[in-house]
Amino acid sequence: MKKFILAASVAAASVLAGSGAFAADGKSICFAYQTLETEFWVAGHKAITKSLADKGIDVIEVNANEDANRQLEQVRDCITQGVEGIIIIPQDGESVIKMIAEANEAGVPVAVFNRPPNPPTRTMRSSWLPTMSRSLRPPSNI
C-alpha cells in the first residue's frame, strides 16, 4: 500500500511538473490539502512535496483542516500569488468544483488527488489522480 501511495503521489506532482506549465527552477505550485491526520495523507504529502522539491519547484502548502470554505480561500490566495499549478486534495468532491473553475479562469493547471470532482462538468480542466482508497472511476469528460 505504501508503494502505491508513493506512486500515486508522485504522479500528482508529475502531472503539473511535466505539463509544460513550468520547466525551470524557481517556479511554484500550491499544494492544498484538507488534513494530515492519517498515515495515508502524511505519506501522500511527503511523496508530493519531495518529488516537487527534487525538481526544484517551490511548494506553497496550505492545510484547510477539513474546512471546505477555508480551502477555497486558500486556493484563491495561491492563484493571487501567481502559482504555476495547483494540487488539491479536496475536502469533498462538491467543493472542489468552484476551486477548479477559478483556477481554470486564471489559467492555472489543476491536479485533483484522490477525490474526483462531483459532479464533473464539461467545462472543467483538471487532472484527477485516483488512489486505491476509492473504487471510483475517473469522470470521462475531464
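Computed from the coordinates by the stated procedures, all read-outs in this text should not be read as laboratory data. Treat the numbers as computed from the prediction; the structure is a model and nothing was measured. A quick note on method: Cβ atoms are made from the backbone with ideal geometry, for glycine too, and the neighbour counts reach across all protein chains shown.
Here's how it looks for E61: its modeled amide H is under 5 Å from those of F31, which are all 5 or more places away or on a different chain. Extension gain for E73-A106 works out to 10.4 nm (0.36 nm per residue, less the C-alpha to C-alpha distance).
Counting only residues at least eight positions apart within a chain, or on another chain, the aspartates and glutamates with an alpha carbon under 16 Å from that of K27 are D54, D58, E61, E84.
For V75, neighbours were defined as the other residues whose beta-carbon sits under 11 Å from its Cβ, and their charges (Lys and Arg +1, Asp and Glu -1) total 0.
Karplus-derived 3J(HN,Hα) values for segment 59-71, using 6.51 cos²θ - 1.76 cosθ + 1.60 with θ = phi - 60°, are 10, 9, 9, 9, 10, 7, 6, 6, 10, 4, 5, 5, 5 Hz; glycine and proline are entered as x.
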